[in-house]
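Please read the structure below before turning to the comments.
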Amino acid sequence: MGILNATPDSFSDGGRFNSVDRALAAAEAMLEAGADLLDIGGESTRPGATPVSQDEELARVIPVIEALAARFDCPLSVDTSTPSVMTRAVEAGACLINDVRALTRPGAIEAAAASGASVCVMHMRGEPGDMATRTDYRDLVAEVIDYLAARLRLLREAGIPAERLLVDPGFGFAKTHEQNLELLRRLGELSRLDAPVLVGMSRKRMIGEATGQPVDRRAVGSAAAALLAAERGAAVLRVHDVEATRDALAVWAAMNSA
Ligand code: 7PM
């Protein structure tokens, strides 16, 4: 899964044309490099990001999804917690709703269920602003699994079929560096949830801490983390550096088929 940011182009005059154009070019490069799926976000869900209004999020994300759906036949995912964005994004061509808040906003479960799309539910605590202080767990992996199991149950009860649900332990969301490493080491335990596991570690602080590299030099470390997750059963890898990730996975695949 390639990460595509639908954020305004700071060099443009405020029109949407440049940002759509730029997203199309970035998408083409990621598909060329071997991405199977693209995740489009308007940055409203990002920790530390300035909150974006619903209208602004719609204006950022919907034109990009429409343009991508018209040009490529690759599956599209929308990274949002906003019910109206979920509805409109699926109408525009998205088939997966990726919500770091696990459909906890009012109306999100109803919007997602009515859309007919698949849903990825992620574990976090609190809101992106206060989650850095909420890292006290009695048993981290057990709590992440219990939380995701409860969300899966609720969403199935709301009418979303089990085969449309994915889970994500939420690397970097209300977890310390040590906790992120424990989650990665024990990722295989999430197979108990009987849902495909999606992971996002790409260029995150845990990669920076392990490698000592700044954010723009974390591609190799991120690809290594993605490979370790794949080996532990992850089904979907949310990444910025598609080519590096594909090459890492290709070495693993070659070993497995030899
Ligand atoms: C600043 C901090 C900007 C963090 C962006 C981020 C995930 C996600 C994000 C994830 C799923 C990033 C994050 N992370 N969705 N959205 N899983 N499902 O590094 O780990 O992209 S935002």
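The values are calculated or read from the model by the stated rules, or taken from the named source; none is laboratory data. From a predicted model like this one, the values you see are computed outputs, not experimental measurements. Please note: Cβ atoms are built from the backbone with ideal geometry, for glycine as well, and neighbour counts cover all protein chains shown. Only protein heavy atoms, including side chains, enter the accessible area calculation; ligands, DNA and RNA are left aside. Shrake-Rupley method; radii C 1.70, N 1.55, O 1.52, S 1.80 Å.
Here are some notes:
- All Cα-Cα distances of the stretch 37-120, cut into 5 Å bins from zero to the largest, leave 3, 18, 30, 27, 16, 5, 1 percent in each bin in turn.
- 222 nm mean residue ellipticity, helices alone, for the chain (DSSP H n ≥ 4; -39,500 (n - 2.57); rounded to 500): -14000 deg cm²/dmol
- The chain, dipole about Cα centre (Lys/Arg Cβ +1, Asp/Glu Cβ -1), debye to the nearest 20: 500
- Descending principal axes extents, the chain, alpha-carbon based, whole Å: 46, 40, 37
- Separation of the residue 185 and residue 18 label points, Cα + 7 Å toward Cβ, nm: 4.7
- Average accessible area per residue (Å²) across the stretch 2-257 - probe 1.4 Å, nucleic acids and ligands excluded: 46
- Added length on full extension, which subtracts the Cα-Cα distance from 0.36 nm per residue, residue 66 to residue 209: 47.7 nm
- Cβ-based net charge around residue 228, under 12 Å, with every Lys or Arg adding one and every Asp or Glu removing one: +2
- Modelled label reach - residue 162, point 7 Å along Cα→Cβ, the stretch 217-253 residues with backbone N closer than 19 Å: 235
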